[in-house]
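Structure first, then comments.
The values are calculated or read from the model by the stated rules, or taken from the named source; none is laboratory data. The shown structure was predicted, so the numbers you read here are calculated from the model rather than taken from an experiment. Accessible surface is based on the protein model in full, side chains and every heavy atom, while ligands, DNA and RNA are left aside. Shrake-Rupley method; radii C 1.70, N 1.55, O 1.52, S 1.80 Å.
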Amino acid sequence: MGRKAAVGTTDPTGQIASKLKALYSSVEQEPIPDTFLDLLEKLDQAERLGKISD
């Protein structure tokens with residue numbers, strides 16, 4: 001049979017989930033660093049060049 005939480009307490013799993021969602025949401029709002037965008041562009045260029053020479 002399932003266990004019920006005592007009256008007046010909150011679910012620890014729910015608290016963890018809520019805090020993780022808040023953390024991930026804040027990370028999604030952060031801008032992508034220019035150096036990372038530059039690296040992605042270089043990788044795209046290398047991939048395009050590799051496909052042309054195949």
When every residue in segment 38-52 that is open to solvent by 80 Å² or more (accessible area, probe 1.4 Å) and aliphatic (A, V, I, L, M) is compared, the one modelled with the lowest pLDDT is Ile52
Filter segment 3-37 for residues that are more than 27 Å from the chain's Cα centre (by Cα) and not small (Gly, Ala, Ser); the one that is modelled with the highest pLDDT is Thr9
